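The values are calculated or read from the model by the stated rules, or taken from the named source; none is laboratory data. The shown structure was predicted, so the numbers you read here are calculated from the model rather than taken from an experiment. All Cβ positions, glycine included, derive from the backbone under ideal geometry; neighbour counts span all protein chains shown.
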Amino acid sequence: MIITPLAWSALAGPLALLAVALLPAAKPKTLAARARTAALLALFTAMIAAVGVGLAGPLATPALPGVSILFDGLTAVMFLLVSFVGSIVVHFSRNYLAGDRGHARFTRLLSATLASVLLLILSGNMAMFLAAWVATSLALHQLLLFYGDRPAAILAARKKFIASRIGDLALALAIGILWEASGTLEFAGVFAALKAQGSTSPALVLAGVLIAVAALLKSAQFPLHGWITEVMETPTPVSALLHAGIINAGGFLALRFSPLLELSVPAMDLLLVVGGFTALFASVVMLTQNAIKVSLAWSTIAQMGFMLLQCGLGAWAPALLHIVAHSLYKAHAFLSSGSVVDIARASWSPSPGGAPHPARLAMAVALVLAAVGITGTLSGFAITAQPGVFALGAILLMGLTHLIAQSIDQRPTGFVIARTVVAAGAVAAGWFALQAGMAALMAGTLPAEAARTDLVALIAVAAIVASFAALTISQASFITAKGAETPAWARAAYVHIHNGLYVNSIANRLVLALWPTRR
């Protein structure tokens, strides 16, 4: 690790954003222009520092009281990602909020939130990390209350506030345990001490569990997930930054503390089970939503569940790739949500009679799973070697099944089946190639993927893949069925699933009982 002034230069962007948040401006447009300049400065320094990491390896600064910078491969990827998305959101907000009487206040809050996230990523010691973690949550809380007279916004912000404070407490306790065990707050020193110990004490196991709890709460996982589906009262740029940047803080926490989590089996199992269940639960609920932004919110919950599932399986580099892909997609999805109706009208969609038959869809699922299994094994990502990569690859490639099933008519020919297998295999090969590329990029920064072949991991992988296969097939049954043909139990289940099995309603009642809204 090289001590270099280049690491300090990465602070230029966050400090400029903090200056925008604190310094007054005569006109909202002037303030917005300054925020855009600061965001672009953060992006520029991120690119320069990333090149430095690629050429010289991890960069660091001397440890000062409470302040130090660690710029390794993980920092480079996340800092580039957040600064890129942040610069787009800031630019978008300049015109989106033009004319709003709260434009200047919004710009300051957005700048403060983005600066806090960037400082969190740059943190080289746990004290700075915790301070930036709490600052990010508090700044976001103010953004969620931008229209503070709306009851729905108040309730969602309060639920988020309570969940965040529990996560803050868990993270603070974990940092205290690590400080006691290693005698330092620097990440490099803590991880070196963990490696030197060679065995895991009960205190470190507990610290790992607390880190996992904080990551789950930050990522809006079941059962404290409901707040993220109800923050649509905020301006669209807030939703884009939240879903494409801030929500990833939970995943970044797990990745930054991955050397500790690997030593805590209960923490890994907690991420695996809760993340896997949340991914399945949110995916099912998402299919029943008819509001664009709410559907995207449920998608975020599911994707964060997938990402934490990968962390629980020890697939650290694939989890980072998932964060990058999800962030770029979700930022675009929210910023373009106002045009989605026009896009849908301009796009081709099959008629109801053209929906794939469940039997053909089942054949497509089998072909996709076979393609994933063959290409994964040939690539060295077999389920017994790297279940995290294999599981998510199988699930994601099920998105091909509807297209493949429609290409298989009632009398499939050898050419059609061969084309189907080749298409699925090509996409699977591309998927595994991306995983290998990210693993090579993160070599020496993140731990090598753990080959979790224990009973818990294998059962969880098999269960979630089988559940998504069943969901894919059953979804076609509802599409092809006419209204009168749909069983009564299915119609009732649709209503309950649409409401998220009322888990969020229970949370609303508890929050209102603890923190009543003034009338």
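Listed values, structure above:
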read-out	value
Enumeration of residues in segment 62-75 that are modelled with pLDDT of 90 or more and of a type outside the set (S, T, N, Q)	74
Selected residue (criterion: farthest from residue 309 (Cα to Cα)) from residues of segment 388-429 that are at pLDDT below 75, of a type in the set (Ser, Thr, Tyr) and assigned to a helix (DSSP H, G or I)	407
Residues within segment 225-238 that are part of a helix (DSSP H, G or I) and farther than 18 Å from residue 105 by Cβ, tallied	4
Pick from segment 104-151, criterion among the β-branched types (Val, Ile, Thr) and in contact (Cβ under 8 Å) with a residue 40 or more places away in the chain, ranking: nearest to residue 165 (Cα to Cα)	136
Close pairs (7 angstrom Cβ cut-off, 6 or more residues apart or separate chains): surrounded by fewer than 19 Cβ atoms within 10 Å (Cβ to Cβ) in segment 152-165, among the hydrophobic types (A, V, I, L, M, F, W, C) anywhere	154/145; 162/511
Selection status of residue 138, under 22 Å from the mean Cα position of the chain (by Cα), farther than 19 Å from residue 254 by Cβ and not in a strand (DSSP E or B)	yes
Qualifying residue in segment 109-124 (condition: over 21 Å from residue 253 (Cα atoms) and either among the aliphatic types (A, V, I, L, M) or at pLDDT below 90 (or both))	yes
Residue check, residue 118 under 26 Å from residue 11 (Cα atoms), assigned by TED's automatic domain parsing to the domain that holds residue 16 and not basic (Lys, Arg)	yes
Evaluation of residue 24 against (1) in contact with a helix residue (DSSP H, G or I) (Cβ under 7 Å, 6 or more places away or on another chain); (2) not in a helix (DSSP H, G or I) (one fails), failing number	(1)
Some residue of segment 58-81 being hydroxyl-bearing (Ser, Thr, Tyr), surrounded by fewer than 22 Cβ atoms within 10 Å (Cβ to Cβ) and free of Cβ contacts under 8 Å to residues at least 12 places away in the same chain	no
Failed criterion for residue 97 (all others in (1) within 19 Å of residue 245 (Cβ to Cβ); (2) at pLDDT below 85; (3) surrounded by fewer than 22 Cβ atoms within 10 Å (Cβ to Cβ) hold)	(3)
Residue 288, sole failed condition from (1) within 15 Å of residue 498 (Cβ to Cβ); (2) out of contact with any Gly (no Cβ under 7 Å at 6 or more places or on another chain); (3) surrounded by 20 or more Cβ atoms within 10 Å (Cβ to Cβ)	(3)
